[in-house]
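What follows is calculated from the coordinates using simple rules that are stated; it is not laboratory data. Since we're looking at a predicted model, the values are computed, not measured. We place every Cβ from the backbone using ideal geometry, glycine too, and count neighbours over all the protein chains shown.
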Amino acid sequence: MSHPDFSDCRVLIDPAPPRCHASHITDGALVSVEFGIIGQQLVNGLTLGGMYALLALGYTLVYGILLMINFAHAEMFMFGAYVGLFTLQGLAQIEFFTSSGPALLLLYLLTFLIAMVATGILGVIIERFAYRPLRHAPRLAPLISAIGVSLFLQNAALLWISSRSIPFPVLFEVRTFRVAGANISSMQILIIVTTIVLMLILDTFVSRTRLGRAMRATSQDRDAAGLMGVDINRVIALTFFIGPALGGAAGIFSGMYYGNIKYNMGFIPGIKSFTAAVIGGIGNLRGAMLGGFLLGLLESLAAAYISTGYKDVIAFGILIVVLIFKPGGLLGESVTEKV
Amino acid sequence: MLRVDNIHTFYGKIEALKGISIEVNEGEIVTLIGANGAGKSTTLKTISGQLHPLHGTIEFLGETISGMPSHNVTAKQVIQVPEGRRIFPQMTVRENLDMGAFLRTDKDGVAEDMKKVLELFPRLRERLSQKGGTLSGGEQQMLAIARGMMASPKLLMLDEPSMGLAPVIVDVIFETIKRLNEAGITILLVEQNAAMALQTAHRGYVLETGSIALQGSGAELLRNEQVRKTYLGEV
Ligand SMILES: Nc1ncnc2c1ncn2[C@@H]1O[C@H](COP(=O)(O)OP(=O)(O)O)[C@@H](O)[C@H]1O
Ligand SMILES: [Mg+2]
């Protein structure tokens with residue numbers, strides 16, 4: 001992990017209050033010095049896992065509806081982080097937002113809202129123009145199209161914004177609490193709690209609302225859902241709004257947590273979150289949440305107890321073992337039931 | 001009520017329907033019989049908007065519905081109970097029934113219809129919170145019909161409702177179809193079980209490789225020599 005450079009964050013956000021405490025951030029970051037403490041790694045793992053889970057939901061939602069792996073989804077993570085950064089910087093110019101605690105909270109709420117909506121709209125546009133025309137084409141075609149969109153977005157960010165890491169400032173004071181020997185930062189708490197709230201909202205939406213039921217029906221039998229009166233194209237568009245919106249939020253969290261963002265920041269989390277979705281049982285929302293948290297925890301524990309360098313090898317090794325015993329994923333239906 | 005006028009429907013370059021004309025009057029049970037692959041399901045799918053005819057028109061209550069996407073046809077209360085039941089396997093029986101009423105805004109009417117279909121199919125009432133995929137074949141067919149009823153259909157189109165069911169259950173299904181019709185629902189019934197379909201229906205059409213070969217009242221077709229040979233298994 002590269003340590004964030006906060007030396008220039010005051011330049012970036014001009015009227016920013018002197019609140020950029022880089023030292024506080026590193027306290028709670030992934031590679032902790034408190035190796036002996038499992039609680040520490042659990043909190044680190046949940047923080048990381050929350051980001052994976054949010055991103056994994058987008059893969060699983062789209063797969064559930066279209067049986068398609070949206071390879072461009074990793075770029076929603078990046079796009080959300082960039083929009084989040086620019087929104088944060090823009091709003092921070094307005095004195096009101098940095099004048100008090102509640103105003104700062106409002107600033108962050110608006111930042112998330114704007115970035116999530118913008119990323120959601122990007123998702124809808126991608127579906128409309130890159131995937132929908134290929135809906136009846138052979139399965140490989142939309143996959144290639146997705147890879148194209150992914151490369152396009154990465155290169156756009158690289159060429160039009162920057163090829164280097166951009167610092168992502170934190171406008172509030174990150175405090176660290178010592179709980180049972182573990183250092184827990186307010187940043188981690190914020191990320192974990194917000195992630196869980198977003199998941200609960202999604203879960204309630206899908207299981208309790210009319211539109212959520214239409215989404216589930218479409219994923220179980222698209223033609224039959226159409227016969228019930230469900231407008232399939234609207235459901236697909238909705239899916240391509242929700243997934244990217246959540247992925248975008250995860251991107252902002254990543255920026256806040258690690259202190260910087262980069263044009264290719266989506267790649268590794270994208271692969272890991274896709275894996276998390278598969279582990280949970282692709283197409284299954286709760287599976288994606290479970291898989292995300294599980295991967296985050298495994299990775300953190302492996303980094304702490306075995307080796308930082310081998311953490312991915314170990315985490316993925318365990319996941320492969322899981323898949324050998326449960327090929328459909330932890331919460332997925334077995335293949336025979338699917339017919 | 002329904003007027004299908006000379007429709008041609010293609011799967012790619014394959015012409016599955018080669019100019020089909022059908023009429024269904026209000027209050028009727030009309031059946032469409034024919035061998036496997038004759039184009040029965042294609043006809044229903046073209047009416048319900050899952051497929052679109054290249055030529056020809058479909059009118060329902062004087063309004064052209066050909067070319068509409070299936071959710072708009074459903075909004076006209078032209079309801080298809082698809083071949084193979086196609087219930088939502090991961091949803092409970094109750095959720096499946098709710099999906100049937102997806103477009104309805106009259107809450108009282110929906111509650112009323114829910115009561116009615118559960119009276120009609122008491123076995124579904126016992127299984128309301130069971131997942132659709134865990135029901136037996138006969139129960140799934142009942143659920144598929146009940147789900148269609150929840151849409152408050154003006155025209156109910158059933159695609160091979162007796163397929164793969166035990167004879168006792170087949171009797172129940174046909175009995176139900178008659179009762180629904182007596183309650184005022186117009187029915188277009190696709191069947192391979194030609195004998196039972198023709199006995200139940202007022203009128204029928206015989207479909208052969210994408211064209212109408214014969215048509216007439218149920219009784220007429222039952223007496224027709226060609227029908228007896230080809231579809232009723234008589235020598
Ligand atoms: N999805 C499809 N793609 C290509 N051909 C199809 C498809 N579905 C049906 N057909 C063909 O169209 C013809 C009519 O099929 P169908 O309407 O299903 O017949 P039926 O319901 O009378 O058994 C058949 O020759 C069948 O092979
Ligand atoms: Mg058929």
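Quick notes
- Those GluC sites (Glu not before Pro) in the range B:1-83 that DSSP places in a loop and that have at most 12 other beta carbons within 10 Å: B:26
- Taking chain B and dividing mean pair separation by its residue count, relative contact order in percent (alpha carbons under 8 Å, at least six apart): 27
- Number of partner chain Cβ atoms within 10 Å, mean per residue of B:63-76: 3
- Candidate cross-link partners of residue A:272 among the lysines, defined by an alpha-carbon separation under 21 Å and a same-chain spacing of 8 or more, comprise A:262, A:311, A:326.
- Inter-chain shielding of A:212-224 (mean C-beta neighbours from other protein chains, 10 Å cut-off): 5
- Chain A, relative contact order in percent, only Cα pairs under 8 angstrom and at least six apart counted: 35
- Each of A:307, B:41, A:254 has some number of other Cβ atoms within 10 Å of its Cβ, and from fewest to most they run A:307, B:41, A:254.
- Helical contribution to [θ] at 222 nm, DSSP H n ≥ 4, -39,500 (n - 2.57), averaged over the protein assembly as shown, rounded to 500: -17500 deg cm²/dmol
- Applying D = kT/(6 pi eta Rh) to the protein assembly as shown, where Rh is the Kirkwood radius over alpha-carbon pairs, T corresponds to 10 °C and eta to 1.306 mPa s, the Stokes-Einstein value obtained is 60 µm²/s.
- For the range B:141-235, projected area of the alpha-carbon convex hull averaged over all directions, nm²: 6.6
- Under 16 Å from the Cα of residue B:18 - aspartates and glutamates, other chains or at least 8 residues apart: B:5, B:208
- FRET efficiency, 1/(1 + (r/R0)^6) with R0 45 Å, evaluated for residue B:208 and residue A:204 via beta carbons: 0.30
- log₁₀ of I(q)/I(0) at q = 0.12, 0.14, 0.19, 0.29 Å⁻¹ - the range A:159-210, Debye sum with one point per alpha carbon: -0.55, -0.67, -0.81, -1.07
- Cross-linked pairs B:13/B:229; B:45/B:115; B:40/B:76; B:40/B:131: Cα-Cα separations exceed 25 Å for B:13/B:229; B:45/B:115; B:40/B:131.
- Ranked B:11, A:52, criterion: other C-beta atoms within 10 Å, fewest first: B:11, A:52
- Shielding of peptide A:226-238 by partners, expressed as the average count of other chain Cβ atoms within 10 Å per residue Cβ, is 6.
- Using alpha-carbon coordinates, inclination of helix A:186-208 to the longest axis of chain A, degrees: 20
- Sequence of A:326, B:229, A:311 once ranked by neighbouring C-beta atoms within 10 Å, starting from the fewest: B:229, A:326, A:311
- All Cα pairs of chain B, percent lying beyond 28 Å: 29
- When the alpha carbon gyration tensor of the range A:20-325 is reduced to an equivalent ellipsoid, its three semi-axes come out at 31, 23, 18 angstrom, largest first.
- Positive-end residue of A:145, A:81, A:171, charge dipole of the range A:20-325 with Cβ unit charges: A:145
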